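Below is one structure, written out as structure tokens, with a few remarks after it.
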């Protein structure tokens, strides 16, 4: 009788252990399932939890197609961008030989980059970077491009201001010539003497300040 009781207790303990193991295994499966769903939660980001998996897969495909189109457009525009970069570089190199006329194209390039597309027209400074460095990208290329770009912006602003002052001076001279031609003989003599007086006084003042 004692042996039978011991056997029954052993069986009860064994069944209890099996039940506990089953409950633990069930909890473990639930945790793994919850973790897997948590790992896939990015599919629901911005889409809403009410969408089906097929709709989310369609959205993912749409994103991939958009990225492929962007990469293809970038690859297609690369030769044109390289050619325009070469023209910008040539404009800077021939600035003195052209007596400043290539400054017109430099300003047009800056305007088109700002108004049309920054993917087709390079930023100021990037035209001096080698093709390999531009294609590789990276922080070094960006830093070098920004350095050249800052220098070119300063030079471009100074040259534009000089050109602006020259244009204003030429227009003022034209107005003075027109006024002089329309004036009477007495007024012409008065303007001529007044101009010589101002010029002489300016020269004397400059010499006085110099010495």
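Summary of values
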| quantity | calculated |
| --- | --- |
| Unique residue being surrounded by 11 or more Cβ atoms within 10 Å (Cβ to Cβ) and modelled with pLDDT under 70 when the list is 141, 206 | 141 |
| Qualifying residue in the range 129-138 (condition: surrounded by 15 or more Cβ atoms within 10 Å (Cβ to Cβ), within 18 Å of the chain's Cα centre (by Cα) and modelled with pLDDT of 90 or more) | no |
| Tally of residues being more than 16 Å from residue 80 (Cα to Cα) and at pLDDT below 80 across the range 117-128 | 0 |
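Okay, residues lined up against (1) surrounded by 11 or more Cβ atoms within 10 Å (Cβ to Cβ); (2) within 30 Å of residue 159 (Cα to Cα); (3) touching a strand residue (DSSP E or B) at 6+ places or on another chain (Cβ under 7 Å); (4) modelled with pLDDT of 80 or more:
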residue	(1), (2), (3), (4)
59	yes, no, no, no
75	no, no, no, no
100	yes, yes, no, yes
111	yes, yes, no, yes
115	no, yes, no, yes
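The values are calculated or read from the model by the stated rules, or taken from the named source; none is laboratory data. Owing to the predicted nature of the structure, the values given are computational and were not obtained by experimental measurement. Using ideal geometry, Cβ is built from the backbone for each residue, glycine included, and neighbour counts are taken over all protein chains shown.
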